[in-house]
1. Considering only residues of the range 178-226 that are at pLDDT below 90 and hydroxyl-bearing (Ser, Thr, Tyr), which is surrounded by the most Cβ atoms within 10 Å (Cβ to Cβ)?
2. Just give me the residues in the range 52-93 being more than 22 Å from residue 137 (Cα to Cα), among the polar types (S, T, N, Q) and in contact with a helix residue (DSSP H, G or I) (Cβ under 8 Å, 6 or more places away or on another chain), in sequence order.
3. Filter the range 61-109 down to the residues that are part of a helix (DSSP H, G or I) and hydroxyl-bearing (Ser, Thr, Tyr), then identify the one that is farthest from the chain's Cα centre (by Cα).
4. Every residue in the range 75-107 that is under 15 Å from residue 117 (Cα atoms), of a type outside the set (Phe, Trp, Tyr) and surrounded by 11 or more Cβ atoms within 10 Å (Cβ to Cβ), please.
5. Please find, within the range 119-158, the residue that is surrounded by the fewest Cβ atoms within 10 Å (Cβ to Cβ) out of those that are of a type in the set (A, V, I, L, M, F, W, C) and part of a loop (DSSP other than H, G, I, E, B).
6. Which residue out of 275, 269, 240 is part of a helix (DSSP H, G or I), without any contact (Cβ under 8 Å) to a residue 24 or more places away in the chain and surrounded by 15 or more Cβ atoms within 10 Å (Cβ to Cβ)?
7. Check whether at least one residue in the range 56-67 is more than 30 Å from residue 173 (Cα to Cα) and either in contact with an Asp or Glu (Cβ under 8 Å, 6 or more places away or on another chain) or surrounded by 13 or more Cβ atoms within 10 Å (Cβ to Cβ) (or both), and report yes or no.
8. Of the conditions (1) surrounded by fewer than 15 Cβ atoms within 10 Å (Cβ to Cβ); (2) over 21 Å from the mean Cα position of the chain (by Cα); (3) modelled with pLDDT of 85 or more, residue 27 clears all except one; give me its number.
Amino acid sequence: MSAAPETSAEYIKHHLTNLTFGKFPEGHEHAGHWGFAHSMQDAASFGFWSVNVDSMLFSIALGLFFIWIFRKAAKTATAGVPGSWQNFVEWVIEFIDDSVRGSFSGKNMLVAPLALTIFMWIFFMNLMDLIPVDWFPAVAGLLGVGHLKIVPSTDPNITFGLSLSVFALVLFYSVKIKGPGGFAGELTLMPFQTNNKIVQALFIPVNFLLEGVTLISKPVSLSLRLFGNMYAGEMIFILIALMYGGGVVLGAFGGLLQLGWAIFHILIITLQAFIFMTLTIVYLDMASQEHH
């Protein structure tokens, strides 16, 4: 367990540190043992084989929550006058359906459910950012837990996990629909084309480099866009929270800032979920276009 933060810098670091589990490296007093990090330095020293337990816990819990509330709405749906929750769920599904129809030109039974899952899951993860930054860490501290981050989308491991899952589907459908040869041709025979076979052969490395960068940039841009926006939003909430320790006047001003930023942040939360969902649909549509 970490000591309570005393300075502004320690307060910020405390709130930006995940509850990380891993193996302590050589040279550490707990070398060779597995355990929870006590600081950002400990978490960094764990290396690749470590787990941000808080990010995993909250992301899985929010995913299960999404499944539960939508399943409950489906089981209690009526053909008569719908309740408020059924109205909301139907509106969300119609919104997703319109988005898929507008961006996906092929036929794939996976795309709409995937788009719904991505949008709602990311929305719920982002929504955790509206909970005051000290509430959950304070409770966790009483239970002996030193660090706790409750917004999974501020963890690049989570955003990269989401984007790499989408990327795997893009590669799968690219090969399935276009064939291995068609997909390889798409990467090596465009954008520079010519009827001269010798010149075309010379273009292959250049085309592969350009198309390879374009392909790899898809998961990178998906993950970093979501992470960057949510991390910045969380940082602003933390900086505003620091104002509460500066006296009554500064604290009152901080309260107004927090309210204003929270209202504006609702737009960011929803927009980031929508952008991730829309780009997923577009990327899958591009992967489903047959190569000519």
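1. 188
2. Once the filter is applied, which keeps residues that are more than 22 Å from residue 137 (Cα to Cα), among the polar types (S, T, N, Q) and in contact with a helix residue (DSSP H, G or I) (Cβ under 8 Å, 6 or more places away or on another chain), the range 52-93 yields 76, 78, 86.
3. Among residues in the range 61-109 that are part of a helix (DSSP H, G or I) and hydroxyl-bearing (Ser, Thr, Tyr), the one farthest from the chain's Cα centre (by Cα) is 84.
4. Those that are under 15 Å from residue 117 (Cα atoms), of a type outside the set (Phe, Trp, Tyr) and surrounded by 11 or more Cβ atoms within 10 Å (Cβ to Cβ): 89, 90, 92, 93, 96, 97, 99, 100.
5. In this case the residue turns out to be 143.
6. After applying the criteria, what remains is 240.
7. yes
8. (3)
The values are calculated or read from the model by the stated rules, or taken from the named source; none is laboratory data. A quick note: this is a predicted structure, and the numbers were derived from the prediction, not measured. No Cβ is skipped: glycine too gets one built from the backbone with ideal geometry, and neighbour counts run over all protein chains shown.
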